Amino acid sequence: MPSSHVYRPEIQGLRAFAVLLVAVYHIWFGRVSGGVDVFLFLTGFLITGSLLRGVERDGRVQPVAFLARLARRLFPAAAVVLLAVLLMGWLLLPGTRQYDVACETVASALYFENWTLASNTVDYLARDKPLSPLQHFWSLSIQGQFYLAWLVLVALAAAAAKALKASPRAAVLAGCAAVFAGSLAYSVAATAERQQWAYFDTGARLWEFALGGMLAIALPFLKLPERVRVVLGWTGLAALLSCGALLEVSTMFPGWIALWPTGAALLVIVSGTTGSRWGADRLLTWRPLAAVGDHSYSLYLWHWPILVAYLYIAGRSTATVLGGVLVLGLSLAAAYLTKRFVEDRTAPRRTSTRRWSVAVAAAFLVPVVVTAGAAQAQLAERQERLEAEIAEALEDGDAYPGAAVLDDPALAESLPEDMPLLPPLETVAQDLPRVYKGEDDCDGARRLCVFGDAEGQRTVALVGASRIAHYFPAFEQAALGNGWRLLVLSKSSCQFTSEPGIEEVRGEFDADCAEYNEWALGQLEEQRPDLVVTLSGRAHTDDERAYPGFVDRWRELDAWGIPVLALRDLPRFPDPVPECVARIGAGACVFEAEPSHDPTDPSAALEDVPDNVAFADLTPYVCPDGECPAAIGNILVYRDTSHLTDTYAATLAPFVERTVLDATGWQRPGT
């Protein structure tokens with residue numbers, strides 16, 4: 001029986017190309033290359049071959065020995081990088097990031113970072129967070145989960161082969177084929193429905209490992225002519241190098257299109273060592289390239305946090321040419337030192353016992369988890385203390401008037417100097433309306449959420465996505481002051497429109513949003529509020545648009561005799577505002593409303609707008625004269641790139657009240 005245990009020198013060159021593609025595309029292009037998919041494929045190829053050889057030698061899988069050696073090989077270098085990132089978060093990054101870094105360190109150390117990132121992709125309120133220095137651990141987490149899954153798969157295949165008196169190789173091949181087919185089918189469906197989640201979903205990636213596993217089993221039986229293998233080698237290498245340039249990997253993968261980079265790697269492995277002077281293996285076995293391949297694990301670990309640190313210090317979203325060279329050079333240096341003094345010193349040896357391997361791995365991993373967990377607890381306690389201090393500080397209305405200074409120049413001039421901003425940067429990301437918290441959480445909830453005066457004679461309904469819901473504290477105060485009953489029908493990333501696919505974060509028709517809109521319409525028909533408040537259009541980072549689908553909804557409300565107040569959307573910025581404040585101070589952070597806002601409100605060009613609609617614009621109370629300061633009246637205005645802080649939104653209550661009264665002709669109680 002042919003053996004798959006053959007040293008393949010071209011694999012190190014393939015690793016080198018993969019890691020360099022990952023680093024180069026991240027550093028200079030801010031995009032994904034497909035190199036990670038090559039690593040997943042190679043992991044499946046190597047691990048399947050290793051486990052199968054163990055079964056053929058011993059008759060069974062030895063999970064303890066396998067995992068002990070694997071942990072000793074992987075944990076030390078990863079732990080060093082995780083501790084370095086924790087230190088970077090503490091000393092370099094602003095308070096806005098420290099809690100997330102601590103949480104993600106635990107997730108990365110315990111190999112579930114991919115699920116943390118997947119959750120953030122479906123949590124609209126988390127999408128505007130800045131780059132995480134541990135984001136790249138998603139692929140390592142998936143690999144960690146793969147190791148456990150493959151132990152089970154190969155063990156079951158070995159047991160089945162023994163019971164049926166069949167070949168273990170055939171049984172493992174059948175298991176790999178079943179996973180490949182099932183996972184690829186799921187990946188195609190999940191990518192079409194929820195690509196951002198599928199990107200980090202282990203189930204949508206397992207087929208890439210399985211493809212490598214099937215090749216490991218079948219490869220010894222493949223006997224191809226040298227000329228054919230030469231062609232296959234260069235074809236695979238060309239396909240790999242062109243993948244990131246021709247495909248938008250981050251928005252298309254991991255469905256069937258991920259067969260491009262994994263198929264490219266397969267061709268290179270099938271080509272093997274041709275012995276021909278024209279073969280791609282001449283390049284792949286080149287000593288400098290092989291050296292990079294030897295350091296590929298450490299290079300992958302280091303390049304991303306070093307890049308994130310550079311981007312934060314430089315205040316950039318992508319690296320300059322020289323800056324990128326610096327990042328790559330530092331990453332290579334760190335990878336060399338980590339390989340020499342950590343990986344090589346702790347690598348498992350033939351004389352290593354299982355207990356000693358576990359002890360070495362634990363000696364690196366446990367301090368990371370304990371340190372990160374302690375930091376997480378300390379930061380959580382600090383956030384609770386700051387929230388209490390905020391509530392106390394806000395009682396001093398003269399020191400924290402917020403938007404009121406825009407209506408009262410004398411108040412603006414009398415503000416105390418050198419007052420700390422509210423909310424503090426450490427807690428600004430959590431400064432959310434209570435409709436996103438606890439028992440009052442109404443975000444996407446298909447239940448009627450009632451606030452204000454529950455017995456009020458007039459009913460106002462806030463309807464739309466998160467950028468209408470962030471006005472909630474202002475409308476709640478206005479409702480309490482005027483005796484209005486306030487309804488909240490909002491779902492993040494779901495506009496009140498007949499075309500729910502317009503959200504740029506979705507990129508596709510959102511069936512769940514469409515269903516929610518129909519439910520909200522049913523509630524409005526039943527409740528017949530006296531006013532529906534929604535958005536008139538959408539501001540993006542580089543333009544502003546109005547949509548006919550908004551008008552469709554207004555017409556439906558008009559048929560029921562329900563008036564509409566359509567508010568212009570607020571400007572959106574490319575980078576989180578609190579990050580700017582943390583880096584250069586609030587006084588220097590002033591953003592232009594353009595290009596997110598057009599000189600003329602595009603809703604003015606909408607056709608067939610029914611008579612029940614009144615338009616209004618609260619932008620002057622956020623971006624006076626077209627300029628958007630980070631703080632107004634000692635209060636931070638934005639909590640991210642596009643949403644108001646709850647603290648500032650509350651100070652808009654007088655202006656919201658005035659806008660509603662002007663639009664409806666209602667009178668304040670007692671007037």
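Some notes on this structure:
- Accessible surface of the range 292-409 [probe 1.4 Å, protein heavy atoms]: carbon and sulfur percent: 60 percent
- Prolate is the label for the range 422-471, because a/c, from the alpha-carbon gyration tensor with a ≥ b ≥ c as root eigenvalues, is 1.5 or above and a/b exceeds b/c.
- Cysteines in the chain that, by Cβ-Cβ distance, have no pairing candidate under 4.7 Å: Cys103, Cys176, Cys243
- Carbon and sulfur %, accessible surface of the range 12-139 computed with the full protein complex present, 1.4 Å: 61 percent
- The chain, accessible area per residue, ligands and nucleic acids excluded (1.4 Å, Å²): 42 Å²
- For the chain: relative contact order, % (alpha-carbon pairs under 8 angstrom, 6 or more apart): 15 percent
- Estimated from helical segments only, the mean residue ellipticity of the chain at 222 nm is -18000 deg cm²/dmol, where each DSSP H run of four or more residues counts as -39500 (n - 2.57).
- Measuring nothing but protein heavy atoms, the accessible surface of the range 571-671 at 1.4 Å probe radius is 48 percent carbon and sulfur.
- Residues whose amide H lies under 5 Å from that of Gly452, counting only those 5 or more places away or on a different chain, are Leu486; hydrogens are built 1.01 Å from N in the peptide plane.
- Pairs of Cα atoms in the range 71-150 fall into 10 Å distance bins, from 0 up to the last occupied one, in shares of 18, 50, 27, 5, 0 percent.
- Distance from the C-alpha centroid of the range 445-482 to that of the range 146-197: 51 Å, rounded to the whole angstrom.
- Contact order for the range 337-469, expressed relative to its length and based on alpha carbon pairs under 8 Å spaced 6+ residues apart, stands at 12 percent.
- On Cα atoms only, tilt of 472-482 relative to the major axis of the chain in degrees: 20 degrees
- Phi angles across the range 222-235 convert, under the Karplus curve 6.51 cos²θ - 1.76 cosθ + 1.60 with θ = phi - 60°, into 3J(HN,Hα) values of 8, 10, 10, x, 4, 5, 5, 5, 4, 5, 4, x, 6, 4 Hz, Gly and Pro given as x.
- Aspartates and glutamates with Cα under 18 Å of Lys339, excluding same-chain neighbours fewer than 8 positions away: Asp294
- Its relative contact order, with pairs defined as Cα atoms under 8 Å and 6+ residues apart, puts the range 529-618 at 44 percent.
- Shape category assigned to the range 346-457 from the gyration tensor of Cα positions, a/c cut at 1.5: oblate
- Neighbourhood net charge (15 Å Cβ-Cβ; Lys/Arg +1, Asp/Glu -1) for Ala264: -2
- Those aspartates and glutamates that a straight Cα-Cα span of less than 13 Å connects to Lys162, excepting residues fewer than 8 apart in one chain: Glu56, Asp58
- Only one item in [x] 95, 53, 46; [y] 84, 59, 54; [z] 92, 74, 51 matches Cα extents along the principal axes in Å derived from the coordinates shown, and that item is [x].
- Amide H within-cut-off set for Ser352, under 5 Å, with H built and near neighbours excluded: none
- Candidate cross-link partners of Lys491 among the lysines, defined by an alpha-carbon separation under 29 Å and a same-chain spacing of 8 or more, comprise Lys129, Lys437.
- Amide hydrogen neighbours beyond the local backbone of Arg458, cut-off 5 Å, H modeled: Arg485
- Note on the range 368-430 and the range 297-333: Cα centroid distance 32 Å, given to the nearest whole angstrom.
- DSSP-loop trypsin sites (Lys or Arg not before Pro) across the range 296-405, with at most 16 other Cβ within 10 angstrom: Arg316, Arg349, Arg350
- Cα-based shape type of the range 595-671, given that a ≥ b ≥ c are square roots of the gyration tensor eigenvalues and the cut on a/c is 1.5: oblate
- Summed residue charge, Cβ within 14 Å of Ala614's Cβ, Lys/Arg positive, Asp/Glu negative: -4
The values are calculated or read from the model by the stated rules, or taken from the named source; none is laboratory data. Every value quoted in this text rests on a predicted model; they were computed, and no experiment measured them. Virtual Cβ from ideal backbone geometry, glycine too; neighbours counted across all protein chains shown. Accessible surface areas use protein heavy atoms only, side chains included; no ligands, DNA or RNA. Shrake-Rupley method; radii C 1.70, N 1.55, O 1.52, S 1.80 Å.
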